[in-house]
1. Can you tell me which residue in region 177-216 is farthest from Gln293 (Cα to Cα), limited to those that are among the small types (Gly, Ala, Ser) and within 16 Å of ligand 2 (Cβ to nearest atom)?
2. For region 33-41, check the following and say yes or no: at least one residue is open to solvent by less than 20 Å² (accessible area, probe 1.4 Å), over 20 Å from Pro91 (Cα atoms) and touching a His at 6+ places or on another chain (Cβ under 9 Å).
3. Of all residues in region 247-288, how many are farther than 20 Å from Ala235 by Cβ and acidic (Asp, Glu)?
4. Does Ile261 qualify as being within 16 Å of ligand 2 (Cβ to nearest atom) and in contact with a helix residue (DSSP H, G or I) (Cβ under 6 Å, 6 or more places away or on another chain)?
5. If you check every pair at least six apart or on different chains, which have Cβ atoms under 8 Å apart with a residue in region 275-290 that is over 19 Å from Val68 (Cα atoms) first and a residue that is open to solvent by less than 10 Å² (accessible area, probe 1.4 Å) and part of a loop (DSSP other than H, G, I, E, B) second?
6. Quick one: which of Phe327, Phe281, Phe320 is of a type in the set (A, V, I, L, M, F, W, C), outside any loop (DSSP other than H, G, I, E, B), open to solvent by 40 Å² or more (accessible area, probe 1.4 Å) and assigned by TED's automatic domain parsing to the domain that holds Pro200?
7. Give Ser126, Ser63 a once-over and let me know the one that is open to solvent by 50 Å² or more (accessible area, probe 1.4 Å) and modelled with pLDDT under 95.
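The values are calculated or read from the model by the stated rules, or taken from the named source; none is laboratory data. Just so it is clear, the model here is predicted, and its values are computed rather than measured. As a convention, Cβ positions derive from the backbone with ideal geometry for all residues, glycine included, and neighbour counts pool all protein chains shown. The protein model used for the area step is the full one, side chains on, heavy atoms only, and it has no ligands, DNA or RNA in it. Shrake-Rupley method; radii C 1.70, N 1.55, O 1.52, S 1.80 Å.
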Amino acid sequence: MFKPTLGIIGGGQLGSMLAIAASKLEIKTVIFCDDIDAPAQKFSNDFVHGQYNDQNKIREFISKVDVVTYEFENIPYETLNEINRIKPVLPKPSINRIIQHRLAEKDFINNLNIRTTRYTSIEKKSEMDSVEDLLPGLLKTVTMGYDGKGQHPVHTLESLDSIDIDYSKGYILEKLVKLKKEISIIITRFSNQKYEIYEPIENVHEDQILRNSKIPAEISDKILNQSKLWATQIAEELKYVGTLCVEFFIDRNDNLYVNEIAPRVHNSGHLTINAYNVSQFENHVRAVCKLEQIPLQKKSNAEMLNIIGDQITHYRNKKFSENEFFFDYLKKDIKDKRKMGHLTTLIS
Ligand code: ADP
Ligand code: MG
């Protein structure tokens, strides 16, 4: 079977775990990243360092690979499109363009008759005067946000005067959902109606950053089935190829909402490395490189804990038992609120 060389845009922990999964499948990888210290280069066969709009670097990257994927969504559409004219980019750049824009993403989901929280576009301060029924809410930049970055809670209209917001960036105001729980579904789509779907994962966030994830999620059968159905519909509608994550809210009345879609492997799916026969990373590589689809089998229940900031020092010196799997992302600097590693514990 032909084994393509896989180009991965982005060189953080997701890129590292994709490269590790690829090497197990004897797929060569080339990382393209704007960070000279990108950890993923340690696990890949080749590394191109450059800005994502540097024409020479883009061309160099294209020349080294057969197919291209990405580990984060905030890549200029022009760059993905340009690469896609010469080598296939999967998932397709047009998918990334919808999902990297919070308004386009929510419009897309609602057009499928799938519930999201209520929202509106905000492009200037005066537009906030007529949105009282969306309060309390969250004002989020439409692009470039992650781990809660670019988000402002808005409790009352008066509270807006005390925060400094550059409205020209473009915002979405979302009604705050009274959360009972958050879950996510990871699905890898290979082609029409051909996909592997993982069971729902229950997620706990602190300060808008994922803190821990576990399977099984403690949810009703109705929520389990609806979340799987919605994730499948989203993947089919996008004609998606690769691994996709759908993040959901469950409110206090047990209503399910889609929060957002990630067109990539996802932090909540790290436990699939140890809890399943095929991880979300391996499945992504299999799908984008057109390798064999293998039926998923769950091996164990599991919990994953994100290790954030200087907590990593403790884990680097710790001894682990047989059912614990520690991953150090090997980032050069320890930074506050930065994901530095994770620990997965298998639970029988
Ligand atoms: P990011 O792109 O940073 O992951 P999200 O929109 O997923 O942004 O927000 C991060 C977290 O903030 C969510 O997982 C949830 O815990 C909380 N959050 C975001 N939007 C809402 C909302 N409308 N209602 C309630 N909680 C929210
Ligand atoms: Mg999120």
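1. It comes out as Ser213.
2. yes
3. The number of residues fulfilling the criteria is 2.
4. When the stated conditions are applied, Ile261 passes them.
5. Note: pairs meeting the criteria are Tyr276/Tyr198.
6. Answer to the check: Phe327.
7. Going through Ser126, Ser63 in turn, just one is open to solvent by 50 Å² or more (accessible area, probe 1.4 Å) and modelled with pLDDT under 95: Ser126.
For (1) on the phi > 0 side of the Ramachandran plot; (2) touching an Asp or Glu at 6+ places or on another chain (Cβ under 7 Å); (3) within 13 Å of ligand 1 (Cβ to nearest atom), each residue gets a yes or a no:
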position	(1), (2), (3)
Thr120	no, no, yes
Lys125	no, no, no
Ser130	no, no, no
Lys140	no, yes, yes
His152	no, no, yes
Ile163	no, no, no
Ser168	no, no, no
Ile172	no, no, yes
